[in-house]
Structures are given as C-alpha cells and as structure tokens.
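**Student:** Before we start, here is the structure in question, set down as structure tokens.
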Amino acid sequence: MSLTLTEARARAAMISEVSYDLDLDVTSTEGFRSRVTVRFRTTGGDTFLELHRAVSLDVTLDGAPITTYDGRRIALDGLAPGAHEVVVDARLAYVTDGEGLHTFVDPVDEERYVGGYLGLDITQRLFACFDQLDLKAPITLAVTADPTWTVLSNGLPIYGADGRFEFATTPPIPCDLFVVAAGPFHSVAWAHRGVPMGWHARRSLTAELERDAAELKRVTEVCFDHYAEIFTEPFPFDSYDQVFVPELNWGAMENPGCVTVNEFMLPRGRVTDDDRRRRAMVIAHEMSHMWFADLVSPVWWEDAWLNESFADFMGFDVAESVAGYAGTRVSFEAAFKPGAYRADRRRSTHPVAPATDDVPDAATGATIFDDISYAKGNAVLRQLVTWLGRDDFLAGVNAHLTRHRFGNATLEDLLSALHAASPRDVRGWAELWLRRSGHDTIRVTRDDRDVPVVTRDGVRPHRFTVSAYTPDLKPVGDRLIDLAGDPVPFPEWAGLIVVPNAYGETFARIELDPASAAAVANGLATLPDPLVRAVLWATVLDRAPAAAHLNLLTRQLPHEPSPTLVSAALDRTLDDLVRRRLTPAEVPAALEAIAAACLPEAAGLSPAPDPSRGPGPSQVSDPSGVPDPSRAPDPSRSPAPDDQRAIALARGLARTTTDADRLRRWLDADSTDHGLRLDPDLRWLTIRRLAELGALDAAGIEAERRRDGTNIGELGAAAALAARPDPEAKAAAWAEMTSDPTVSVRRFRALATGFWSVSQRDLVAPYLPAYLEIAPTLAARGSAFAAAAGRAFPALPLTADELAQVRASLTADLPPVLRRLWEDELDDRT
Ligand SMILES: [Zn+2]
C-alpha cells in the first residue's frame with residue numbers, strides 16, 4: 001500500500017527538522033548494505049519510516065532496538081515529544097527495473113554500474129526514510145565502492161580514497177530527489193561562474209561523450225547564465241553534474257545538483273538536428289527544475305504537474321530562444337502537442353491542476369506524469385505567459401521562489417504571487433484553464449462578403465496570432481487577437497485563407513473553413529514557415545478520416561522540407577492511424593502507400609561511394625577496443641538537412657516496405673563500407689523489418705547482435721527475433737516475455753515491439769486473450785513493469801469481437817496503471 005494523503009498530512013504535522021546520514025556499501029554484487037541515521041523532532045505519538053523489502057535489518061530508536069517491520073514500514077510507536085534518532089542498518093537486493101538500487105553490466109566491457117535513480121515511492125527501496133515531498137531534509141552521503149570508480153551524488157564530493165567516497169551535506173531536499181550513480185564513468189569536468197560542473201557517461205560511451213562535450217558544455221553554460229539572469233534566487237546547490245545513466249526509466253530526472261539523463265540522448269552514429277534540439281530542451285528543462293521543484297517543492301503529488309508544466313515550457317522556450325536551437329518549438333507542435341489533444345479527449349483526462357483530494361495516495365500520484373501534465377500544461381503556461389506578459393509572469397514566479405525557498409508550496413501560493421504581480425484576473429484564468437479538463441474549439445467561418453470570422457466554442461479566454469494567406473498560400477499578414485465570447489471578423493482579409501493560432505500560442509481544437517481547409521490540403525508543404533506547417537500538419541491530421549489522412553500524407557510528405565515534420569507525420573500515421581484506427585483489411589494497402597511516399601527520397605541513400613563523407617569508418621577504432629563500423633571520422637558534423645530528411649524517409653521506408661532486396665542492399669553497403677552509413681538505430685530498424693518479412697533468420701540476427709556488441713544491439717536482436725513470421729518464433733518470444741521471471745523491463749519492451757507486428761495480424765492476434773490474462777500478473781512485479789505490461793497492448797487494428805474482449809477484461813480488479821493504459825487504448829481507437 002502506498003502512502004495516503006491522510007497519512008502524509010498527519011506525519012507532516014508531527015515531524016520536523018528531519019536529516020539523513022546515509023552510508024551505502026555497494027562492493028558486493030549479491031546485495032548492498034544501507035545504513036541510515038534519521039534524526040528528527042516530533043510533537044509526540046505514533047509514526048513510521050518506509051523501507052521496502054529489506055532482506056535483513058537492525059533498527060534502534062534512541063539506542064534501543066525495535067523490531068516492528070512488515071516489509072514496507074518500520075513502526076515508531078509512542079514517541080515522546082522532542083528530538084529522536086533512529087538508526088536502520090539493512091541489507092537489500094539490487095534491482096534491474098530501475099526501482100531501487102539498479103545494477104547494469106555493460107556487455108561491451110563487462111564493467112558494472114550501480115545507481116539509485118529514484119522518484120515517487122522509490123527512495124524507500126534504497127534507505128529508510130519519511131518518503132513524502134514536504135518532509136524535506138538535508139542528506140549526508142558516504143559510499144563504499146570499487147576504489148577505481150567514480151561516484152556521483154547531489155552534493156559535492158569532499159573525500160575519496162581507498163574506496164570510500166564522501167559528499168557534502170545537501171540543503172533540505174525532498175528525499176525522492178536523492179541520487180547516487182557509481183561506476184567507471186568517463187567524465188568531462190569544469191567550473192562555470194564558480195560552480196563545479198560535469199558531464200559523465202559509461203566508459204564504453206567515451207567517444208560519444210568526447211564528440212559532444214563542447215556542445216553539452218556550451219548549452220549547459222548558456223542555460224545556466226539565462227536562469228541566473230531571470231531568477232532572482234541564486235543557483236541553490238553546490239555543484240551541477242549531468243550523468244548519462246544506463247537504463248533510466250525516464251528521459252531525465254531533476255536530482256538537485258546531479259541530473260540523470262537517458263542514454264538515448266547520447267546516440268552512437270549521427271547526431272541529427274532533432275537529437276540536438278531534444279537534448280538542449282531536456283538540459284534546459286532539468287536545469288529549470290533546480291529552482292522549480294528542487295528549491296521550491298510541492299507539498300503533495302497533485303501539484304507535480306506544476307513542476308513538469310513549468311519545466312516543459314522553459315525547456316522548449318529556452319532551447320529555442322536562448323540556446324540557439326531554432327525549430328525546437330516546431331517539434332513541440334508537431335510531435336508533443338498532438339498527444340496532449342488526444343489525452344484530453346480520453347475518459348482519463350483530468351484538469352491540468354487536479355484537486356488535492358483527487359490524488360488520495362502516492363500510487364495515484366504516479367498517474368499524473370502524463371501528456372496532460374507535460375505537453376498540455378506547457379501549452380497552457382505558454383498561453384498564460386502570452387496573456388500576462390513575460391515580465392509580470394517572471395515577477396510572480398520570482399516572488400514565489402523567494403517566499404518558499406528550500407520549502408514547499410502549492411498552486412494557490414503561486415497564484416497569489418502572480419495575482420500580486422499582474423493587473424489581470426489570474427485566479428479567474430486559472431479556474432478556466434487549470435481547474436477544468438477539455439479544451440475549446442476555435443472556428444473560422446465566412447460572412448456573405450467572404451470575410452473570415454473567428455469564433456470560439458468554449459469558455460476560455462485566448463490570445464493568439466491569426467495569419468492570412470493568398471489562395472495559393474503566399475503569406476499576407478499576421479494579427480494578434482484576444483478571443484472570448486465575441487466573434488472577431490477580418491474584413492481586411494476578405495477572400496483570403498486564414499489560419500488561427502498559426503504559431504501555436506494557445507491550446508484549442510482548430511476548425512478551418514472549407515476554402516482554407518482545401519487550400520491547406522493542396523499546398524501544406526509549400527507554406528514557408530515550418531512552425532505554421534507544424535500547427536497545420538497537427539490540425540489536418542487530427543481525427544481525419546483514414547482515407548483523407550492517407551491522401552494528405554502521401555501527397556504532401558514528398559514535398560515537406562523539414563525532417564522534423566516528416567518524422568512526426570510518419571510516426572503519427574504509423575502509430576496512431578495504421579495501428580489503431582484502420583480495419584485489419586485496410587492495413588496492407590496503407591503500408592504500401594506510405595512506403596511509396598517515402599521511396600523516392602529514401603532511395604537517395606544508395607550504396608554509391610560518397611567522397612564527401614570522408615575515409616571509410618573502418619579506419620576509426622573505439623578506445624574501448626571494440627570497432628564501431630558506423631562511426632565516421634568527424635561524427636560531430638550533422639548531416640546536411642536534406643540528408644536528415646532522407647534519413648527520416650528511410651526510417652519510414654524501413655518500417656513499411658516489402659522490398660527485402662533493397663533493405664538487404666542497405667545492410668550490405670553499410671557493412672562493406674561502400675559509402676552508405678546506417679546509424680545503429682536505422683540499421684536495427686532495417687534488420688527488424690528484414691526479419692519481419694522472413695528475409696533474415698536467427699543466425700543472421702545473431703551475427704548482427706555480435707557485430708553490434710552493445711546493450712542496444714542486444715535489444716535490437718531481441719526485437720528482430722520476436723518479429724520473425726513464424727509460429728515458433730512467436731511462441732518463443734511470448735514465453736520469454738511472460739514466463740521468464742528474470743526478463744528485464746527493457747528486454748520485455750523490445751520483445752513486445754517485435755512480437756506485435758502489424759503485418760502479421762493472423763499470427764499474433766490469437767494471443768490477445770493470453771495477453772489480457774497475463775498482463776495483471778506481470779504488472780504486479782512493480783510500477784515500471786506495470787507500465788511496460790500496459791504498453792505491450794497489441795499494437796494492431798482489432799476487430800469488434802476483440803475490442804469486446806478488452807472491455808470485458810476491464811470489469812476485473814486491475815492495477816490502476818494497467819486499467820488506465822487499456823482504457824486509453826480503447827479511447828484512441830474510436
Ligand atoms: Zn521534469
């Protein structure tokens with residue numbers, strides 16, 4: 001049972017002045033020792049510390065042994081008022097699902113990495129603690145580990161010799177934001193404005209880290225300077241490390257002073273502009289959390305959205321306008337905001353700011369980290385900044401940060417600070433935008449003189465740009481408008497095409513008038529501004545009937561110049577339309593049409609020698625001694641934009657084509673160094689499709705796994721083996737997914753990706769009843785597995801009978817995460 005709101009309130013009322021002195025020993029591979037001294041004051045009575053599944057433990061309260069432990073909680077009964085000290089000396093097991101002290105052995109060099117990459121309800125799997133946000137505490141850490149390792153944590157290292165690593169005491173932080181990362185990391189360290197900084201990655205990613213080090217440092221410094229300028233509170237911690245850690249369950253995590261980052265952001269092979277934008281966005285996102293989440297933290301999980309919406313808004317905004325990554329907002333509009341609209345139409349939607357009582361326990365809090373809290377919250381905050389003005393917004397935020405520094409605060413606290421900073425009715429705005437789910441519709445109509453009129457169907461005030469175009473889509477002009485109950489006519493634009501919310505300032509469904517819609521359908525890809533195209537791609541594909549969707553995609557995709565928009569349109573078509581909204585019979589023709597739209601440009605990746613790419617990759621060797629044939633001599637250079645577009649289309653082709661000969665030629669040309677260079681990612685996509693088409697057998701896949709040699713190669717091979725169109729291959733993959741208790745979350749996900757091939761419906765659809773039966777058991781392994789089990793829902797068009805089976809399964813008592821994901825799947829298919 002997770003902590004309830006009632007319990008958290010009672011504990012916060014009786015406990016204060018908490019501190020932790022933590023000593024971890026990770027030298028054994030069998031399990032680890034966690035010894036913590038918890039000091040606190042109390043008004044007296046009964047309370048408890050959380051500690052999840054200790055293998056063994058000794059506990060003393062003020063020096064006297066206590067023994068009441070149920071596997072989750074250590075009871076502290078009959079406390080006298082005043083100061084107390086509890087010492088918990090425990091042995092715990094390592095985990096491989098990220099939910100505890102995670103271990104990872106690198107297949108490249110057999111090096112071991114150990115990390116506590118924590119979060120909601122996970123710190124109690126590492127040490128005994130009061131695991132709630134509003135009992136912030138200073139944490140002092142010491143670690144015993146391999147003396148050759150690097151050990152990183154929130155505080156600055158102050159001692160390291162003979163395998164003993166000690167860290168400076170942190171300021172008060174929520175214990176879920178504690179972090180430790182240990183192993184033979186490669187590091188790039190420097191100081192900026194007097195703050196020690198570092199980037200770190202596994203030793204076998206040394207070349208990749210060195211390749212990108214200059215850029216990573218530059219973005220870090222630019223963001224740091226920017227926040228130093230806009231926030232009046234100084235940077236709150238003593239150091240700032242960023243660590244690429246293996247098998248992180250999230251994109252990144254805002255641990256104070258030591259951010260953990262998912263390794264997919266340090267790719268092998270090419271780094272595309274989209275990769276760079278996303279990484280800069282994440283750097284800016286996590287750094288903004290140092291103030292908003294870490295310096296000032298929520299009281300309870302209902303306000304977790306506020307952290308994430310604020311950081312998501314800052315991340316995209318700062319990457320685009322401060323760090324110099326033009327096009328970051330284009331990717332938000334094209335690849336993130338459509339998910340928020342979809343989420344806002346499901347039965348599971350909720351107000352951006354839920355009521356406190358709607359989050360009765362920590363387990364419910366875990367469901368808040370969704371597209372509403374990130375992408376919709378980001379869009380809504382952008383509308384707030386547009387509506388309030390940036391200066392007033394920041395004045396309110398700064399007053400809030402200063403008032404609650406190193407403490408906890410609620411949405412109401414922020415609103416009162418914004419209210420004081422602005423003449424506008426911030427509370428009324430929040431009631432409409434934050435306290436209600438759903439969104440308005442903004443329509444274009446025409447009066448009898450062909451004058452465009454913009455109207456709102458809904459309740460919220462909006463401020464956004466309306467753009468006008470000639471009938472052949474040449475830009476005419478922009479106008480910023482406020483839209484509420486009264487229609488806004490544009491007499492100066494009679495007869496022209498108009499696009500409301502052209503730069504995505506607000507969050508609303510857009511319905512164009514028939515003339516504008518027809519012009520856009522014919523010429524979308526010719527519009528000059530990629531941000532307007534991103535908004536329009538998202539608008540015209542939103543719930544378009546299948547035939548119209550495919551027609552638009554196949555006509556516009558070959559002309560769309562932006563690799564970001566090509567990728568987003570393809571992902572949306574393959575993941576949303578083909579897998580969820582077509583009938584089974586419509587799938588083959590749709591895949592063929594998509595492949596045909598990708599082909600001309602993707603075919604440009606021909607196996608002809610290309611001297612501009614420099615000497616062959618075989619001349620470069622990795623310092624780890626493992627040759628990486630995909631690495632070119634100057635991999636820090638982005639491919640030219642046209643090249644990136646060809647890669648985006650090649651990815652689309654590799655997911656849809658039935659032309660196995662072409663895919664095999666790609667592999668051969670890559671392997672034999674004839675100028676074509678497939679990035680590991682695209683190579684594995686190609687291998688999986690070949691396997692799916694029956695054109696690559698188990699031995700061929702195994703050869704590819706050995707050729708790659710990394711953890712990514714292991715996962716790629718698992719997915720390819722599961723994708724083979726043969727009943728025995730499917731049965732073997734299914735058995736590993738469902739009957740092997742040692743299968744990791746990542747391997748399970750890779751197997752599921754290969755297993756549910758949309759081209760093999762006849763072979764895999766019969767597994768639906770077995771999936772519905774086993775998923776609740778898999779979900780019981782933990783929250784990471786629960787999410788993976790839910791996301792392993794068949795990624796296929798389902799028949800009415802099959803959908804009825806899913807609905808029938810929902811009548812059972814299901815883990816909340818699984819129920820939520822299944823209901824979302826059903827809602828996304830209507
Ligand atoms: Zn965040």
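The values are calculated or read from the model by the stated rules, or taken from the named source; none is laboratory data. In this text, all values refer to a predicted model and were calculated from it rather than measured experimentally. Here the Cβ is made from the backbone with ideal geometry for all residues, glycine too, and neighbour counts use every protein chain on show.
**Student:** Among all residue pairs at least 6 apart or on different chains, which show Cβ distances below 9 Å where the first residue, located in the stretch 271-290, is outside any helix (DSSP H, G or I) and the second is aliphatic (A, V, I, L, M)?
**Tutor:** What qualifies is 272/647; 272/648; 290/259.
**Student:** Sticking with this one: Could you pull out every one of the helices (runs of 4 or more DSSP H) wholly within the stretch 502-604 that has 2 or more residues that are of a type in the set (Gly, Ala, Ser) and under 22 Å from residue 340 (Cβ atoms)?
**Tutor:** The qualifying helices (runs of 4 or more DSSP H) are 530-541, 563-571.
**Student:** Every residue in the stretch 254-279 that is farther than 25 Å from residue 107 by Cα, within 16 Å of the ligand (Cβ to nearest atom) and touching a Gly at 6+ places or on another chain (Cβ under 7 Å), please.
**Tutor:** 257
**Student:** Sticking with this structure for a sec: Regarding the stretch 483-492, can at least one residue be identified that is among the small types (Gly, Ala, Ser) and buried (at least 18 other Cβ atoms within 10 Å of the Cβ)?
**Tutor:** There is no residue in the stretch 483-492 that is among the small types (Gly, Ala, Ser) and buried (at least 18 other Cβ atoms within 10 Å of the Cβ).
**Student:** Kindly check whether there is at least one residue in the stretch 75-98 that is at pLDDT below 95 and small (Gly, Ala, Ser).
**Tutor:** Checking the stretch 75-98: at least one residue is at pLDDT below 95 and small (Gly, Ala, Ser).
**Student:** Is it fair to say residue 312 is closer than 19 Å to residue 433 by Cα, in contact with a His (Cβ under 9 Å, 6 or more places away or on another chain) and more than 16 Å from the ligand (Cβ to nearest atom)?
**Tutor:** So residue 312 does not fit the description; no.
**Student:** Related question: Give the residues of the stretch 224-273 that are buried (at least 22 other Cβ atoms within 10 Å of the Cβ) and small (Gly, Ala, Ser), sorted by residue number.
**Tutor:** Residues satisfying the conditions are 239, 252, 257.
**Student:** Restricting the search to the stretch 295-309, which residues are more than 10 Å from the ligand (Cβ to nearest atom), within 23 Å of residue 379 (Cβ to Cβ) and either of a type in the set (Phe, Trp, Tyr) or in a helix (DSSP H, G or I) (or both)?
**Tutor:** Scanning the stretch 295-309 gives 301, 302, 303, 305, 306.
**Student:** Any residue in the stretch 236-256 that is within 17 Å of residue 150 (Cβ to Cβ) and free of Cβ contacts under 8 Å to residues at least 40 places away in the same chain sitting within a Cβ distance under 9 Å of a residue that is away from the ligand (no atom under 16 Å from the Cβ) and of a type in the set (Val, Ile, Thr)? List the pairs, counting only those 6 or more apart or interchain.
**Tutor:** Between residues of the stretch 236-256 that are within 17 Å of residue 150 (Cβ to Cβ) and free of Cβ contacts under 8 Å to residues at least 40 places away in the same chain and residues that are away from the ligand (no atom under 16 Å from the Cβ) and of a type in the set (Val, Ile, Thr), there is no close pair.
Rundown of residues vs (1) at pLDDT 95 or above; (2) assigned to a helix (DSSP H, G or I); (3) surrounded by fewer than 23 Cβ atoms within 10 Å (Cβ to Cβ); (4) in contact with a Phe, Trp or Tyr (Cβ under 6 Å, 6 or more places away or on another chain), yes/no style:
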site: 370; (1), (2), (3), (4): no, no, yes, no
site: 373; (1), (2), (3), (4): no, yes, no, yes
site: 386; (1), (2), (3), (4): no, yes, yes, no
site: 392; (1), (2), (3), (4): yes, yes, yes, no
site: 395; (1), (2), (3), (4): yes, yes, yes, no
site: 398; (1), (2), (3), (4): yes, yes, yes, no
site: 401; (1), (2), (3), (4): yes, yes, yes, yes
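**Student:** Which one of the conditions (1) out of contact with any Ser or Thr (no Cβ under 9 Å at 6 or more places or on another chain); (2) touching a residue at least 12 places away in the same chain (Cβ under 8 Å); (3) more than 26 Å from residue 120 (Cα to Cα) does residue 781 fail to meet, given that it meets all the rest?
**Tutor:** Status for residue 781: all satisfied but (3).
**Student:** Among the residues of the stretch 690-706, what is the count of those that are of a type outside the set (Gly, Ala, Ser), part of a helix (DSSP H, G or I) and either at pLDDT below 95 or surrounded by 18 or more Cβ atoms within 10 Å (Cβ to Cβ) (or both)?
**Tutor:** Residues in the stretch 690-706 being of a type outside the set (Gly, Ala, Ser), part of a helix (DSSP H, G or I) and either at pLDDT below 95 or surrounded by 18 or more Cβ atoms within 10 Å (Cβ to Cβ) (or both): 5 in total.
**Student:** Another question about this same structure. Mind listing just one residue for me: the one in the stretch 110-127 that is buried (at least 24 other Cβ atoms within 10 Å of the Cβ) and aromatic (Phe, Trp, Tyr) and, of those, modelled with the lowest pLDDT?
**Tutor:** Ranking the candidates gives 117 first.
**Student:** Of all residues being among the β-branched types (Val, Ile, Thr) and in a loop (DSSP other than H, G, I, E, B) in the stretch 787-830, which is nearest to residue 750 (Cα to Cα)? Just the residue, please.
**Tutor:** Checking each candidate, the answer is 799.
**Student:** Of all residues in the stretch 752-772, count the ones that are within 29 Å of the chain's Cα centre (by Cα) and without any contact (Cβ under 8 Å) to a residue 24 or more places away in the chain.
**Tutor:** 1
**Student:** I would also like to ask the following. Taking residue 339, is it surrounded by fewer than 22 Cβ atoms within 10 Å (Cβ to Cβ) and under 23 Å from residue 222 (Cα atoms)?
**Tutor:** Judged against the criteria, residue 339 is not a match.
**Student:** Take the conditions more than 14 Å from the ligand (Cβ to nearest atom), closer than 22 Å to residue 326 by Cα and buried (at least 23 other Cβ atoms within 10 Å of the Cβ) and apply them to residue 213. Does it pass?
**Tutor:** For residue 213, the condition - more than 14 Å from the ligand (Cβ to nearest atom), closer than 22 Å to residue 326 by Cα and buried (at least 23 other Cβ atoms within 10 Å of the Cβ) - is not met.
**Student:** Still on this structure, I have one more. Run residue 290 past the list (1) modelled with pLDDT of 95 or more; (2) within 15 Å of the ligand (Cβ to nearest atom); (3) of a type in the set (A, V, I, L, M, F, W, C); (4) under 15 Å from the mean Cα position of the chain (by Cα) and report the number of the one that doesn't hold.
**Tutor:** (4)
**Student:** I'm checking my understanding of the structure. Among residues of the stretch 482-501 that are part of a loop (DSSP other than H, G, I, E, B) and within 36 Å of the chain's Cα centre (by Cα), which one is farthest from residue 543 (Cα to Cα)?
**Tutor:** 484
**Student:** Please pick out the residue among 547, 589, 534 that is over 18 Å from residue 646 (Cα atoms), crowded, with 23+ Cβ neighbours inside 10 Å and among the aliphatic types (A, V, I, L, M).
**Tutor:** 534
**Student:** Another question about this same structure. Taking only pairs six or more apart or across chains, which ones have beta-carbon atoms under 6 Å, a first residue in the stretch 814-825 that is free of Cβ contacts under 8 Å to residues at least 60 places away in the same chain, and a second residue that is surrounded by fewer than 19 Cβ atoms within 10 Å (Cβ to Cβ) and in a helix (DSSP H, G or I)?
**Tutor:** 814/776
**Student:** Let me ask something else about it. Take residues that are surrounded by fewer than 22 Cβ atoms within 10 Å (Cβ to Cβ) and of a type in the set (Asp, Glu) and tell me which of the helices (runs of 4 or more DSSP H) falling wholly in the stretch 741-786 contain 1 or more.
**Tutor:** In the stretch 741-786, 761-764, 768-779 are the helices (runs of 4 or more DSSP H) which contain 1 or more residues that are surrounded by fewer than 22 Cβ atoms within 10 Å (Cβ to Cβ) and of a type in the set (Asp, Glu).
**Student:** I'm checking my understanding of the structure. Among residues of the stretch 340-366 that are part of a helix (DSSP H, G or I) and within 16 Å of the ligand (Cβ to nearest atom), which one is nearest to residue 479 (Cα to Cα)?
**Tutor:** Per the criteria, the residue is 340.
**Student:** So, one more: How many residues are buried (at least 24 other Cβ atoms within 10 Å of the Cβ) and either among the aliphatic types (A, V, I, L, M) or in contact with a Pro (Cβ under 6 Å, 6 or more places away or on another chain) (or both) if we restrict to the stretch 274-292?
**Tutor:** Final tally of qualifying residues: 5.
**Student:** Something else: Do we have residue 218 as farther than 13 Å from residue 284 by Cβ and either assigned to a helix (DSSP H, G or I) or in contact with a Leu (Cβ under 7 Å, 6 or more places away or on another chain) (or both) here?
**Tutor:** Criteria not met by residue 218.
**Student:** Out of all the residues in the stretch 318-336, which are assigned to a helix (DSSP H, G or I) and either surrounded by 22 or more Cβ atoms within 10 Å (Cβ to Cβ) or touching a strand residue (DSSP E or B) at 6+ places or on another chain (Cβ under 6 Å) (or both)?
**Tutor:** 318, 319, 320, 328, 329, 330, 331, 332, 333, 334
**Student:** Moving on to the next point. Checking residue 227 against (1) within 16 Å of the ligand (Cβ to nearest atom); (2) of a type outside the set (A, V, I, L, M, F, W, C); (3) assigned to a strand (DSSP E or B): exactly one of these is not met. Which one?
**Tutor:** (3)
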